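Here the structure is laid out as structure tokens; the discussion comes afterwards.
The values are calculated or read from the model by the stated rules, or taken from the named source; none is laboratory data. Only a predicted model underlies this, so the values are computations on that prediction, with no experimental measurement involved. With ideal geometry, Cβ positions are generated from the backbone for all residues, glycine too; neighbour counts draw on all protein chains shown.
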Amino acid sequence: MQDFPRFRYMGSKFKLLPWIHDTLSELPFETSVDAFSGSGVVSYLLKAMGKQVHSNDTLAFPCVLTSATIANNATHLTASDLEQLLAARATKSGERFIRKTFEGIFYTPKELSFLDDLWVGIRDLNSPLKRAVALAALLRSAIKRQPRGLFTVSDPTRYQDGRRDLQLTLREHFIEQVACYNAAVFSNGLRNSVTCGDVFETPQGADLVYMDPPYVPLSDDNCYIKRYHFLEGLACYWEGKELMMNTKVRKITKPFTPFAYRQTAEDAFDRLFRQYADSIQVLSYSSNAFPDLKRLKTIMGRYKNSVEVVEKEHRYHFGTHSAAKRNVVQEYLIIGA
Ligand SMILES: C[S@@+](CC[C@H](N)C(=O)[O-])C[C@H]1O[C@@H](n2cnc3c(N)ncnc32)[C@H](O)[C@@H]1O
């Protein structure tokens, strides 16, 4: 697991992986679905455990990360691919969208031009998996180079504390990240796959489904698009995305998910557990979420004969204020068999 390029993603289970691994190791399964893959770290764990994995997320950029690391068993970017990528230049006006749209908002003008140029090179790569590796490297470069890893309004002078990630240019990051993603590619001898879509359209029939949906937010701060809209656009050069030009940071519209609202969350869990009634179900959950543990056990119990809970205390360091909020919560794995 040390090869996984850790991605700063809200709700990432990176730190809980040893515990998730120990729990999954006890369960009898060969094929699996990671239905809300996010950073892709749990998919990577499943792949490393020798399981067949299908990863899904509704957002495009998490699917780029899993295309590069889960569906990809053997494709690397060569030195000549990298040279070609770095030599590409945007020449047409439609190829300078990033600089035109984000100048004065994120990064330096030169770096924005680098992103436009690189996208020209990515389009020219002849293999979808090579494109995924290049894009994953670009996404991780973009988040590392951004103070706090967020794409909200911030005062850049507040974060000039000499951190290496903020000193390297996007180009320098990209060269490093290509090496990181190349090193992360491995084969577990199985055909693993990725879809980008709503969980309710995800393929069924796997022995086990791991579910880590978003929680009903306590405030708007929990919104994935608010934090990562730039990455979501960058993953597809904003093609088909609706830009909100009246917002300071040029956000894109937020996709609806029933898991994020009090009125729709319970019904969404019911539909989710019904959809995967024939699979072993493993749900990541936490004590600060709605509906509460007791209610969720009852809902899962409608479809599974046995519902068990393993728990662990966990401290999240994810906040939007300068002093990150440190929340101690009970983390649960709710297992339906
Ligand atoms: C808590 S995160 C998953 C984190 C992941 N397990 C990790 O360790 O990085 C929840 C994910 O669910 C995705 N999501 C939200 N609604 C969805 C839906 N209806 N269908 C599929 N994915 C959805 C979000 O885009 C987000 O990436």
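Here are Val33, Val42: which of them is among the β-branched types (Val, Ile, Thr) and out of contact with any Lys or Arg (no Cβ under 6 Å at 6 or more places or on another chain)?
On the way: Val42 fails: out of contact with any Lys or Arg (no Cβ under 6 Å at 6 or more places or on another chain).
Exactly one residue qualifies, and that residue is Val33.
State all residues of the stretch 87-118 that are surrounded by 15 or more Cβ atoms within 10 Å (Cβ to Cβ) and not in a helix (DSSP H, G or I); if no residue qualifies, say none.
Ala88, Ala90, Phe106, Tyr107
Which members of the stretch 218-270 meet the condition of being exposed (fewer than 14 other Cβ atoms within 10 Å of the Cβ), among the small types (Gly, Ala, Ser) and more than 20 Å from Val64 (Cβ to Cβ)?
Ser219
Counting only residues that are more than 8 Å from the ligand (Cβ to nearest atom) and among the β-branched types (Val, Ile, Thr), how many does the stretch 31-43 have?
Qualifying residue count for the region: 2.
Out of (1) under 27 Å from Ala71 (Cα atoms); (2) under 22 Å from the mean Cα position of the chain (by Cα), what's the single condition that is false for Val120?
The number of the failed condition is (2).
Within the stretch 119-138, is there a residue that is among the β-branched types (Val, Ile, Thr), away from the ligand (no atom under 16 Å from the Cβ), surrounded by 22 or more Cβ atoms within 10 Å (Cβ to Cβ) and more than 29 Å from Lys248 (Cα to Cα)? Spell out how you get there, then give the answer.
Just the residues of the stretch 119-138 that are among the β-branched types (Val, Ile, Thr), to begin with: 120, 122, 133.
Add one more test, that the residue is away from the ligand (no atom under 16 Å from the Cβ), and what stays is 120, 122, 133.
This time we only want the ones that are surrounded by 22 or more Cβ atoms within 10 Å (Cβ to Cβ), so: 133.
Now drop any that are not more than 29 Å from Lys248 (Cα to Cα), which leaves 133.
Taking every residue of the stretch 119-138 in turn, at least one turns out to be among the β-branched types (Val, Ile, Thr), away from the ligand (no atom under 16 Å from the Cβ), surrounded by 22 or more Cβ atoms within 10 Å (Cβ to Cβ) and more than 29 Å from Lys248 (Cα to Cα).
For (1) part of a loop (DSSP other than H, G, I, E, B); (2) more than 30 Å from Tyr276 (Cβ to Cβ); (3) touching a helix residue (DSSP H, G or I) at 6+ places or on another chain (Cβ under 7 Å), each residue gets a yes or a no:
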residue: Val120; (1), (2), (3): no, yes, yes
residue: Asn126; (1), (2), (3): yes, yes, no
residue: Ala136; (1), (2), (3): no, no, yes
residue: Val153; (1), (2), (3): yes, yes, no
residue: Gly162; (1), (2), (3): yes, yes, no
residue: Ala183; (1), (2), (3): no, yes, no
residue: Asn188; (1), (2), (3): yes, no, yes
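Against the condition within 28 Å of His54 (Cα to Cα) and modelled with pLDDT of 95 or more, how does Asn192 come out, does it pass? Steps first, answer last, please.
Numbers: within 28 Å of His54 (Cα to Cα): yes; modelled with pLDDT of 95 or more: yes.
The answer is yes for Asn192.
Return the pairs, sorted by first residue and then second, in which the second residue is assigned to a loop (DSSP other than H, G, I, E, B), the first residue lies in the stretch 83-112 and is charged (D, E, K, R), the beta carbons are less than 7 Å apart, and the residues are 6+ apart or on different chains.
Short answer, once both residue conditions are applied: Arg96/Ala90; Glu111/Thr169.
If you go through the stretch 220-252 one residue at a time, how many are closer than 27 Å to Asp270 by Cβ and not acidic (Asp, Glu)?
Residues that pass the stated criteria total 4.
Restricting to the stretch 44-70, count the residues that are more than 21 Å from Ser141 (Cβ to Cβ) and either more than 9 Å from the ligand (Cβ to nearest atom) or not in a loop (DSSP other than H, G, I, E, B) (or both).
12
Looking at (1) within 11 Å of the ligand (Cβ to nearest atom); (2) within 21 Å of the chain's Cα centre (by Cα), find the lone condition where Thr264 falls short.
(2)
Within the stretch 15-30, can you find the residues that are surrounded by fewer than 16 Cβ atoms within 10 Å (Cβ to Cβ) and either near the ligand (Cβ under 9 Å from one of its atoms) or under 19 Å from Asn73 (Cβ atoms) (or both)?
Within the stretch 15-30, just Glu30 meets the criteria.
Identify the single condition in (1) small (Gly, Ala, Ser); (2) over 18 Å from Leu139 (Cα atoms); (3) in contact with a Ser or Thr (Cβ under 8 Å, 6 or more places away or on another chain) that Ser39 does not satisfy, given that it satisfies every other one.
Of (1) small (Gly, Ala, Ser); (2) over 18 Å from Leu139 (Cα atoms); (3) in contact with a Ser or Thr (Cβ under 8 Å, 6 or more places away or on another chain), only one is false for Ser39: (2).
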